[in-house]
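**Student:** First the structure, which I've put down as structure tokens, then a few questions once you've had a look.
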Amino acid sequence: MKYDYLIVGAGLFGAVFAHEAKKAGKKCLVIDKRGHIGGNIYTEEIDGIQVHKYGAHIFHTSDKKIWEYINEFSDFNNYINSPVAVYGDELYNLPFNMNTFSKMWGIKTPIEAQKIIADQISELNIEEPKNLEEQALKLVGRDVYEKLIKGYTQKQWGRECKDLPSFIIKRLPLRFTYDNNYFNDRYQGIPVEGYTEIVRRMLEGVEVRLSTDYFDVNDKIDADKVIYTGMIDEFYDYKLGVLEYRSVRFETEKLECENYQGNAVVNYTSADVPYTRIIEHKHFNFGTQPVTVISREYSSEWKQGDEPYYPVNNDRNNLIYDKYKRLSESEDKTIFGGRLGEYKYYDMDKVIAAALKLCETEL
Ligand code: FAD
Ligand code: UDP
């Protein structure tokens, strides 16, 4: 069999590309080394609850076209992510907003909160923040940094905040209104039937082979081009260096209770709790089942053979990635895409946008 495209990875990037390529009349084969489609957005139903097997996924975007695109494959509910943070015996709303500040300092108005933060910042003498620690301190001052950022970030990334890039913390909104919405995006929600169903619909009519590793089959498949969404350094047998990732271990439990923690996402921000957060999956879909499923997330350094989750975009790794990228530009048959192929901390909407952009030039 001869294919126009061999697509390595049945995650979101691969599925969007495969869907569009099929529509354009191309013959595609999608392979994935895992035994299921969906990549990291894979959800699995347990007792009527959609369980996010590789970490909680909330779809959010400000791009109307992307919102309309994803809605072609599923209905979305009106879930708004509003995590809470537990620090010792204190509980705060996230992201950093007037609810957080009011609880932390016993104040009521934005002017009071802004004054406290400004006073804390003025003692620091930070001009241009050079790393996550300086960026966080300069944004919210010392109290919020110490209680809600420092411990969580160091657990999440296994590195000191001063050794991490500042863009990571800029993902979180800071506002002086009583608004617990974790995102500023215009559109947000959870697919009512789970993410796997979205990917299944994208791949309808496309040949898919699971439990199939590219490195075992690449010389046996005849395809004009390869869309590769695995790790770029693995593709080149790590010859220019090994890129670092963070991996995550999930301890998932079914509990015979209706409501364990009252919220989908509870972050544990102090360093002495070993996990970063607990997800209670049913709350993403306003579930009313008599049981519940929770997952504790433990962050760890990735080593070969582990599942890679978060690219660690510090100077060392970005330098190595740039070398791989230059090398990849000389390929005439293989195109790299997605979170692993581009070594980028991509949200789902950005992955879809990148895949559609590739479709424009490629198809
Ligand atoms: P992946 O989903 O990783 O797919 C790549 C696929 O390639 C995998 O299935 C893999 O098995 C396969 N593969 C790799 N190598 C090979 C090989 N050699 N042979 C065959 N197959 C191979 N985004 C949001 O927008 N909102 C969120 O709330 C959100 N939460 C997240 C939480 C966590 C814990 C993580 C890690 C990410 C989160 N994301 C979120 C990001 C989201 O997961 C990604 O944007 C998206 O899954 C990336 O899709 P992808 O296709 O690029 O990669
Ligand atoms: N973060 C934090 N405290 C929190 C939540 C997040 O310090 O309670 C920081 C942490 O550094 C994290 C970053 O903000 O890596 C981005 O958080 P986000 O929730 O976007 O992470 P993701 O969902 O990608 O794991």
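The values are calculated or read from the model by the stated rules, or taken from the named source; none is laboratory data. Model, not experiment: these values are computed from the prediction. Ideal geometry is used to build each Cβ from the backbone, glycine not excepted, and the neighbour counts take in all protein chains shown. What goes into the accessible areas is simple: the full protein's heavy atoms, side chains included, and nothing from ligands, DNA or RNA. Shrake-Rupley method; radii C 1.70, N 1.55, O 1.52, S 1.80 Å.
**Student:** Take the residues of region 1-11 that are part of a loop (DSSP other than H, G, I, E, B) and either touching a His at 6+ places or on another chain (Cβ under 7 Å) or within 23 Å of His57 (Cβ to Cβ) (or both): which is farthest from ligand 2 (Cβ to nearest atom)? Break it down stepwise before answering.
**Tutor:** First pass over region 1-11, keeping only residues part of a loop (DSSP other than H, G, I, E, B): 1, 9-11.
Imposing the further condition that a residue be either touching a His at 6+ places or on another chain (Cβ under 7 Å) or within 23 Å of His57 (Cβ to Cβ) (or both) reduces the set to 9-11.
Numbers: Gly9: 19, Ala10: 22, Gly11: 16 Å.
The selected residue is Ala10.
**Student:** Let me ask you something else. With the requirement that a residue be more than 15 Å from ligand 1 (Cβ to nearest atom) and either touching a residue at least 40 places away in the same chain (Cβ under 8 Å) or among the hydrophobic types (A, V, I, L, M, F, W, C) (or both), what does region 329-361 give you?
**Tutor:** Result: Lys333, single match.
**Student:** Somewhere in region 1-19, is a residue at pLDDT below 95 and farther than 30 Å from Val293 by Cβ?
**Tutor:** Quick first cut of region 1-19, residues at pLDDT below 95 only: 1.
Going one step further and asking which of them are farther than 30 Å from Val293 by Cβ, we end up with 1.
Taking every residue of region 1-19 in turn, at least one turns out to be at pLDDT below 95 and farther than 30 Å from Val293 by Cβ.
**Student:** Using the structure shown, decide if Tyr298 is under 28 Å from Asn180 (Cβ atoms), within 16 Å of ligand 2 (Cβ to nearest atom) and at pLDDT below 95.
**Tutor:** So Tyr298 does not fit the description; no.
**Student:** Another question, if that's okay. Quick one: what pairs do we get from region 52-78, first residue more than 11 Å from ligand 2 (Cβ to nearest atom), second outside any strand (DSSP E or B) and of a type in the set (Val, Ile, Thr), C-beta under 6 Å, 6+ apart or different chains?
**Tutor:** Ile66/Ile352; Phe73/Ile198; Ser74/Ile198; Asp75/Val192; Asn77/Ile190; Asn77/Val192
**Student:** Could you count how many residues in region 189-211 are open to solvent by less than 20 Å² (accessible area, probe 1.4 Å) and of a type outside the set (A, V, I, L, M, F, W, C)?
**Tutor:** Final tally of qualifying residues: 4.
**Student:** OK, next. Just need a number here: residues in region 245-264 that are surrounded by 15 or more Cβ atoms within 10 Å (Cβ to Cβ), over 16 Å from the mean Cα position of the chain (by Cα) and either under 23 Å from Glu307 (Cα atoms) or among the aromatic types (Phe, Trp, Tyr) (or both).
**Tutor:** Within region 245-264, residues that are surrounded by 15 or more Cβ atoms within 10 Å (Cβ to Cβ), over 16 Å from the mean Cα position of the chain (by Cα) and either under 23 Å from Glu307 (Cα atoms) or among the aromatic types (Phe, Trp, Tyr) (or both) number 2.
**Student:** So which strands (runs of 3 or more DSSP E) are wholly in region 265-344 and hold at least 1 residues that are within 16 Å of Lys155 (Cβ to Cβ) and open to solvent by less than 60 Å² (accessible area, probe 1.4 Å)?
**Tutor:** Answer list for region 265-344: 265-268, 277-280, 292-301.
**Student:** Identify, by number, the condition in (1) open to solvent by less than 40 Å² (accessible area, probe 1.4 Å); (2) at negative phi; (3) not in a strand (DSSP E or B) that Gly241 doesn't meet.
**Tutor:** Gly241 satisfies all of (1) open to solvent by less than 40 Å² (accessible area, probe 1.4 Å); (2) at negative phi; (3) not in a strand (DSSP E or B) except (2).
**Student:** Could you list all residues from region 142-151 that are buried (at least 22 other Cβ atoms within 10 Å of the Cβ) and closer than 12 Å to Ile116 by Cα?
**Tutor:** Of everything in region 142-151, just one residue is buried (at least 22 other Cβ atoms within 10 Å of the Cβ) and closer than 12 Å to Ile116 by Cα, namely Val144.
**Student:** So, in region 234-262, of the ones that are among the acidic types (Asp, Glu) and under 25 Å from Tyr298 (Cα atoms), which residue ends up nearest to ligand 1 (Cβ to nearest atom)?
**Tutor:** Glu234
**Student:** Still on this structure, I have one more. Report whether or not Ile352 is open to solvent by less than 10 Å² (accessible area, probe 1.4 Å), out of contact with any Gly (no Cβ under 9 Å at 6 or more places or on another chain), part of a strand (DSSP E or B) and on the phi < 0 side of the Ramachandran plot.
**Tutor:** Working: open to solvent by less than 10 Å² (accessible area, probe 1.4 Å): yes; out of contact with any Gly (no Cβ under 9 Å at 6 or more places or on another chain): yes; part of a strand (DSSP E or B): no; on the phi < 0 side of the Ramachandran plot: yes.
Judged against the criteria, Ile352 is not a match.
**Student:** Would you confirm whether any residue within region 109-130 is open to solvent by 70 Å² or more (accessible area, probe 1.4 Å) and among the hydroxyl-bearing types (Ser, Thr, Tyr)?
**Tutor:** Yes, because at least one residue in region 109-130 is open to solvent by 70 Å² or more (accessible area, probe 1.4 Å) and among the hydroxyl-bearing types (Ser, Thr, Tyr).
**Student:** Okay, next question. Of all residues in region 12-55, which are part of a strand (DSSP E or B) and surrounded by fewer than 19 Cβ atoms within 10 Å (Cβ to Cβ)?
**Tutor:** Glu44, Glu45, Ile46
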